[in-house]
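Colleague: Take a look at the following structure, please.
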Amino acid sequence: MSVQVAKRCFTVAEYNRMGETGILTEDDRVELIGGEIVEISPIGRRHAACVGRPTNPSGRLLADGAIVWIQNPIVLNDYTEPQPDVALLGRREDFYEQSLPAPEAWVVNLHDEEVEVYTRPAGGAYQDVRRHGRGEALKSADALGLTLNVDEILG
C-alpha cells in the first residue's frame with residue numbers, strides 16, 4: 001500500500017517570516033528552492049577557492065562599482081530565494097536593503113567546468129541559457145560592463 005503525502009510549498013515571504021520568528025536561524029544552512037526548504041551543500045576546497053577568487057580585494061575579478069554579495073539571498077520568484085556563493089551586483093546606495101537583487105544570474109558549474117548564464121526571466125523560467133567553457137570570455141549585460149575569463153573564474 002502506498003501513501004500519498006501532500007507537499008506544501010512556501011513563499012519567499014513565509015520563508016523570511018520563519019527567519020524573523022526564529023523557526024529558522026542564521027545557523028541553519030538552508031535556502032528556498034521552488035517552494036521547498038533545502039539544505040545547502042557543504043563547502044569543499046575547490047568550491048571555497050572559486051568563491052575566494054572574485055572576493056579577494058587584490059584579485060582581478062573584483063569589479064569597480066560592484067557589490068560583491070557573499071552567500072546572501074537573491075529573489076528569483078515568489079517561491080525561490082537561493083543564497084549563491086558569490087554574486088556581483090551593480091552598486092546601489094542602499095546595498096539592496098530595500099529589495100533583494102533580481103534574478104539574472106551566472107552560475108559556476110565546477111563539475112562540468114563551465115559558467116552558465118541565465119537571462120531574460122519570464123513566467124517562472126529563463127528565456128535564454130548559455131554555457132561557456134574554458135578559454136571563453138563572458139561580458140555582463142548590465143551597467144557594470146564586466147568582462148571575465150572563464151579560466152580565471154574556474155582557476
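The values are calculated or read from the model by the stated rules, or taken from the named source; none is laboratory data. The structure presented is a predicted model; accordingly, all values stated were derived computationally and were not measured. A quick note on method: Cβ atoms are made from the backbone with ideal geometry, for glycine too, and the neighbour counts reach across all protein chains shown.
Colleague: Among what's in segment 93-109 and is of a type outside the set (A, V, I, L, M) and at pLDDT below 80, pick the residue that is surrounded by the most Cβ atoms within 10 Å (Cβ to Cβ).
Modeller: So the residue we want is 106.
Yes or no, residue by residue, for (1) within 21 Å of residue 53 (Cβ to Cβ); (2) outside any loop (DSSP other than H, G, I, E, B):
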| residue | (1), (2) |
| --- | --- |
| 84 | yes, no |
| 89 | yes, yes |
| 94 | no, no |
| 111 | yes, no |
| 115 | yes, yes |
| 119 | no, yes |
| 153 | yes, yes |
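Colleague: Quick one: would you say residue 112 is surrounded by fewer than 12 Cβ atoms within 10 Å (Cβ to Cβ) and either of a type in the set (Asp, Glu) or modelled with pLDDT of 85 or more (or both)?
Modeller: Against the criterion (surrounded by fewer than 12 Cβ atoms within 10 Å (Cβ to Cβ) and either of a type in the set (Asp, Glu) or modelled with pLDDT of 85 or more (or both)), residue 112 qualifies.
Colleague: Got a sec? Which of 19, 44, 35 is farther than 22 Å from residue 147 by Cα, surrounded by 12 or more Cβ atoms within 10 Å (Cβ to Cβ), modelled with pLDDT of 80 or more and out of contact with any strand residue (DSSP E or B) (no Cβ under 9 Å at 6 or more places or on another chain)?
Modeller: 19
Colleague: Next question. Since residue 54 meets every condition but one in (1) modelled with pLDDT of 90 or more; (2) of a type outside the set (Phe, Trp, Tyr); (3) surrounded by 14 or more Cβ atoms within 10 Å (Cβ to Cβ), which condition does it not meet?
Modeller: (1)
Colleague: On to the next question. Does segment 72-80 contain at least one residue that is assigned to a loop (DSSP other than H, G, I, E, B), modelled with pLDDT under 75, within 12 Å of the chain's Cα centre (by Cα) and on the phi < 0 side of the Ramachandran plot?
Modeller: No: zero hits.
Colleague: Also, I was wondering about something else. Can you find a residue in segment 144-152 that is over 27 Å from residue 35 (Cα atoms), at pLDDT 80 or above and either touching a Cys at 6+ places or on another chain (Cβ under 6 Å) or polar (S, T, N, Q) (or both)?
Modeller: yes
Colleague: Just give me the residues in segment 88-98 being touching a residue at least 12 places away in the same chain (Cβ under 8 Å) and either in contact with a Lys or Arg (Cβ under 9 Å, 6 or more places away or on another chain) or farther than 25 Å from residue 47 by Cα (or both), in sequence order.
Modeller: 91, 92, 95, 96
Colleague: Could you please give the count of residues in segment 77-99 that are out of contact with any helix residue (DSSP H, G or I) (no Cβ under 9 Å at 6 or more places or on another chain) and under 30 Å from residue 7 (Cα atoms)?
Modeller: Going through segment 77-99 one residue at a time, the tally reaches 4.
Colleague: Here's something else I'd like to know. Look at residue 131 and say whether it is free of Cβ contacts under 8 Å to residues at least 24 places away in the same chain, surrounded by fewer than 14 Cβ atoms within 10 Å (Cβ to Cβ), out of contact with any Cys (no Cβ under 9 Å at 6 or more places or on another chain) and farther than 24 Å from residue 26 by Cβ.
Modeller: When the stated conditions are applied, residue 131 passes them.
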